[in-house]
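Notes for the one structure printed next.
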Amino acid sequence: RHFSNAKKNNNNVMKKTNRNLYLLILLTLALVIPEQGCKKLVEVTAPATNLTQGNVYSTDQTAAGVLTGIFLDMSADLPAGTGTVAPLSYYPGLSADEFTLWSGASNPELSAFYQNALNNNYASEFWNNLYYILYSTNAALEGLSSSTTLSPAVKQQLTGEAKFARAFCYFYLVNLYGDVPLLLSSNTQANVSASRTPAATVWKQIISDLLDAQSLLSPNFLDASLSLNSTERVRPTKWAASALLARAYLYTQDWAYAKAQASTIINNTAQFGLSALNNAFLKASLGNKEAIWQLQPVTVGFNTLDAPLFVITSAGLSDVNPVYVSDGLLGSFESGDLRKTSWLNSIAVSGTTYYFPYKYKVFAVNSAISSPSAMSEFEMVLRLSEQFLIRAEAEANLGDMSSAANDLNIIRSRAGLPASTILTSTATIAQALTAILHERQVELFSEWGHRWLDLKRTKTVDAIMGSPGNASIAKGSTWKSYQQYYPIPLYDLQKDPNLVQNNGY
């Protein structure tokens with residue numbers, strides 16, 4: 001896979017993860033969660049260990065270790081099917097109009113994502129990894145529910161974390177694949193024959209889990225022990241649940257609730273505020289109040305997994321770094337937009353200048369860096385600027401153009417741009433949404449597949465990807481509307497007779 005092979009070439013450091021710092025936590029996790037290797041969700045078997053589902057939830061320390069381990073696996077450079085969510089900023093950007101794939105790239109999977117020519121042998125990374133996390137979170141919820149020895153505060157927090165993680169996984173599954181199996185237990189006998197659940201039902205579960213998480217999670221950022229406040233923001237809080245809930249309401253067009261949830265975070269100025277552009281992706285302990293939820297680094301020598309994927313070094317384009325910013329994205333920045341100079345960088349190769357995402361600037365491989373305390377950048381998952389854009393879009397759909405303009409212009413002002421001239425009292429909803437979608441494009445590029453998901457949820461994907469002269473033409477491909485959903489992996493179709501492939505594949 002490109003995601004692992006590219007980083008192997010960087011001094012072979014990336015396969016060596018920083019597990020020593022979390023030995024107790026991850027030993028606990030290894031004993032509780034079945035080792036899957038190349039196995040898929042339907043093949044999960046019970047662990048044969050002394051520390052079992054029945055007793056790992058007997059103490060606060062071991063129970064907290066399970067959830068901590070889940071979030072660490074989400075952050076790690078691990079093979080497909082073991083929980084990493086790092087590819088979510090990379091592959092969907094290739095599918096959309098954000099990136100251009102170097103013509104000399106030899107990886108057929110990258111070409112398939114780029115040309116929207118996937119088949120059921122590809123796109124399994126997301127399916128396998130997200131269902132791996134779901135198995136773990138469902139098992140955790142069952143263990144937490146049956147435990148009678150955990151302290152009430154720890155049990156409440158961990159239950160909220162598990163429900164948040166489950167909602168996060170289903171958010172991406174339903175957006176990437178459409179109807180997906182809704183698995184709410186770790187019962188593999190039932191899961192092995194699960195059929196696809198209508199997307200509307202999955203969305204209801206996402207919102208239900210997030211509402212529960214919001215009421216259960218602490219409003220304070222906690223450390224791994226759950227007993228002390230932390231200067232980092234790597235454990236989910238009620239604010240992370242609110243942020244993802246605001247996004248879920250936006251996607252399901254519940255404008256009033258989307259506005260209300262975003263407002264709870266925006267109005268919490270004691271904890272949150274926009275940072276300077278060059279500080280927006282630093283870890284929270286360095287004063288970055290924009291962070292709502294970040295993933296803690298666990299790979300030796302790297303602050304994030306985005307930087308080694310996106311930053312093009314003096315070696316130029318290669319199979320290690322074959323992706324650069326598309327002309328379409330580059331041309332979307334208005335004159336004077338400071339995001340173009342702060343969040344993009346460029347390199348000249350044989351007289352041609354290539355631009356690449358530069359939100360994460362610490363690229364250098366340094367095997368001496370083995371502790372998050374020595375790192376300056378943490379992977380940003382949820383941040384405040386998205387909440388302003390969510391609220392602006394909700395307000396525009398509610399007909400409140402003045403408030404929508406205020407929120408949009410807060411984001412534009414940080415970027416050094418003048419107030420929008422589009423969002424006036426006479427603007428139509430369509431005009432307002434076009435302006436907001438543009439702002440999302442230049443604010444959230446190369447982050448968590450936002451552009452790909454925005455094109456689909458706003459029903460502009462066919463126009464952007466398929467019209468003559470647009471993205472698919474630049475990619476040398478032919479766009480078909482069904483390609484907006486990824487195919488379900490062949491392995492799972494073969495193992496589960498009740499699974500049906502997405503149309504077109």
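Counting only helices (runs of 4 or more DSSP H) that sit completely within segment 136-233, those holding 1 or more residues that are under 20 Å from Gly65 (Cα atoms), open to solvent by less than 50 Å² (accessible area, probe 1.4 Å) and of a type in the set (Phe, Trp, Tyr) correspond to 152-177.
With respect to the conditions (1) more than 18 Å from the chain's Cα centre (by Cα); (2) under 23 Å from Leu389 (Cα atoms); (3) of a type in the set (Val, Ile, Thr), Ile207 falls short on a single one, namely (1).
Can you tell me how many residues within segment 274-319 are more than 18 Å from the chain's Cα centre (by Cα), closer than 22 Å to Leu338 by Cβ and not hydrophobic (A, V, I, L, M, F, W, C)? Residues flagged as more than 18 Å from the chain's Cα centre (by Cα), closer than 22 Å to Leu338 by Cβ and not hydrophobic (A, V, I, L, M, F, W, C) within segment 274-319 amount to 6. Screening Gly351 with (1) of a type outside the set (Ser, Thr, Tyr); (2) within 23 Å of the chain's Cα centre (by Cα); (3) farther than 27 Å from Leu295 by Cβ gives one miss only, at (2). Does at least one position in segment 107-115 carry a residue that is open to solvent by 30 Å² or more (accessible area, probe 1.4 Å) and assigned to a helix (DSSP H, G or I)? Yes: one or more hits. Note on segment 466-479: among residues that are in a helix (DSSP H, G or I) and free of Cβ contacts under 8 Å to residues at least 24 places away in the same chain, the one that is farthest from the chain's Cα centre (by Cα) is Ile473. Looking across segment 375-394, just one residue is in a helix (DSSP H, G or I), over 19 Å from Phe445 (Cβ atoms) and open to solvent by less than 10 Å² (accessible area, probe 1.4 Å), and that is Ala394.
I'd like the residue in segment 449-485 that is basic (Lys, Arg) and within 17 Å of Leu437 (Cβ to Cβ) and, out of all such residues, is most open to solvent (accessible area, probe 1.4 Å). Filtering segment 449-485 for residues that are basic (Lys, Arg) and within 17 Å of Leu437 (Cβ to Cβ), the one most open to solvent (accessible area, probe 1.4 Å) comes out as Lys459.
Would you check which residues across segment 480-505 are of a type in the set (Gly, Ala, Ser) and in a helix (DSSP H, G or I) and list them?
Of everything in segment 480-505, just one residue is of a type in the set (Gly, Ala, Ser) and in a helix (DSSP H, G or I), namely Ser481.
The values are calculated or read from the model by the stated rules, or taken from the named source; none is laboratory data. Keep in mind that what you see is a predicted model, and the values were worked out from it rather than measured. Because the Cβ atoms are built from the backbone with ideal geometry, glycine has one as well, and the counts that use them run over all protein chains shown. Please note that ligands, DNA and RNA were not included when accessible areas were found on the heavy atoms of the full protein model with its side chains. Shrake-Rupley method; radii C 1.70, N 1.55, O 1.52, S 1.80 Å.
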